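*Asks:* Dropping the structure in here first, questions after.
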Amino acid sequence: MRVDIISIFPDYLAPLDLSLMGKAPVALTVHDLRTWTSDVHRTVDDTPYGGGPGMVMRPEPWGLALDSVLSPGARLLVPSPAGAPFTQKMAHALAEEEHLVFACGRYEGIDQRVIEHYAATEVSLGDYVLFGGEVAVLVMMEAIVRLLPGVLGNASSLDDESHAHGLLETPVYTKPASWREHEVPAVLRSGDHGKVARWRRDQALLRTAARRPDLLAALDPATLDKRDIAL
Ligand code: SAM
């Protein structure tokens, strides 16, 4: 996978070189948007048409940057609190792409004509406002890259984790079996694989019902078995 990220703060993206990301099968390039400015101050923003507070990112440097970086068929993503919510399903779809380009906004955001001209997808991390798109790109990249083949040591861990099949993951425990008078549930130490699987399924359902009833309501009934329904 090829990934290009354009930002006025390229150093913000340095953590992408760390840990798993450094070993992932991704050809990553981080670009400084100011490379595509031509004035002495390397200006990327201006006052908003119609008035109001803050500054808006000008379309010209973005146009030059994107003309230079986008390949035919590349997917352009623009982080924005007004975008479509980023989900695990979206991460799976993006992990299938050959070339992703992220355009990081700052100030009041990027001139809307840029988004429309390049038919960009605006993506939101959640219902809150960040200073800029860089942190949003770090989050999206982690979610996407860990889905790429060969990145996780044990790919089966992807299958039962939260949001893989519309449920939250079951609680997890490790040794010791007793810690400060809190015991690991006995079923997990029983050695009975059938009982463990059923307990985990029950816990995932109960946890999802308690914490995220919206996820439970959206579950495809065809994925439920009789014991799920009885629960
Ligand atoms: N004026 C914009 C609004 O109210 O929708 C917010 C601009 S915000 C201060 C600057 C940049 O941060 C945005 O252009 C976007 O790139 C990024 N950003 C802020 N919140 C975000 C979120 N929840 N998800 C994704 N990106 C976000």
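*Asks:* How high is the relative contact order of the stretch 1-154, given as a whole-number percent (alpha carbon pairs under 8 Å, six or more residues apart)?
*Replies:* That works out to 30 percent.
*Asks:* Determine the sum of side-chain charges near Pro53: Lys and Arg each +1, Asp and Glu each -1, restricted to other residues whose C-beta is under 14 angstrom from that of Pro53.
*Replies:* Net local charge, Pro53 excluded: -3.
*Asks:* Right, something else. Please determine, in degrees from 0 to 90 and to the nearest 10, the orientation of helix 59-69 with respect to the longest principal axis defined by the Cα atoms of the chain, where the helix direction is its Cα long axis.
*Replies:* 60
*Asks:* With the Cα gyration tensor of the chain in hand, give its eigenvalues times 5 under a square root as the equivalent ellipsoid semi-axes, listed largest first in whole angstrom.
*Replies:* 43, 19, 17
*Asks:* Pick out which of Val123, Val40, Val135 has the largest mean-square fluctuation in a Gaussian network model of the chain, springs linking Cα atoms closer than 10 Å.
*Replies:* Top of the fluctuation ranking is Val40.
*Asks:* Dipole of the chain, Cα-centred, from +1 at each Lys and Arg C-beta and -1 at each Asp and Glu C-beta, to the nearest 20 debye?
*Replies:* 1000
*Asks:* Considering only Trp179, Trp199, Trp36, give the residue with the highest GNM mean-square fluctuation for the chain, with springs between Cα atoms whenever their separation is below 10 Å.
*Replies:* The residue that fluctuates most here is Trp179.
*Asks:* Mean-square fluctuation check for the chain, GNM, Cα pairs under 10 Å: which of Asp202, Asp67, Asp220 is largest?
*Replies:* Asp220
*Asks:* Ok, one more. Put +1 on the Cβ of every Lys and Arg and -1 on every Asp and Glu Cβ in the chain; which of Ile6, Leu94, Gly133 then has its Cα farthest towards the positive end of the dipole?
*Replies:* Leu94
*Asks:* With runs of 4+ DSSP H residues as the only contributors, calculate the mean residue ellipticity of the chain at 222 nm using -39,500 (n - 2.57) per run, divided by the residue total and rounded to the nearest 500.
*Replies:* Estimated from H runs of four or more residues: -8500 deg cm²/dmol.
None of the figures in this text is laboratory data; all of them are computed from the coordinates on show. Source: prediction; values computed, not measured. Quick reminder, even Gly has a Cβ in these numbers, built from the backbone with ideal geometry, and neighbours come from all protein chains shown.
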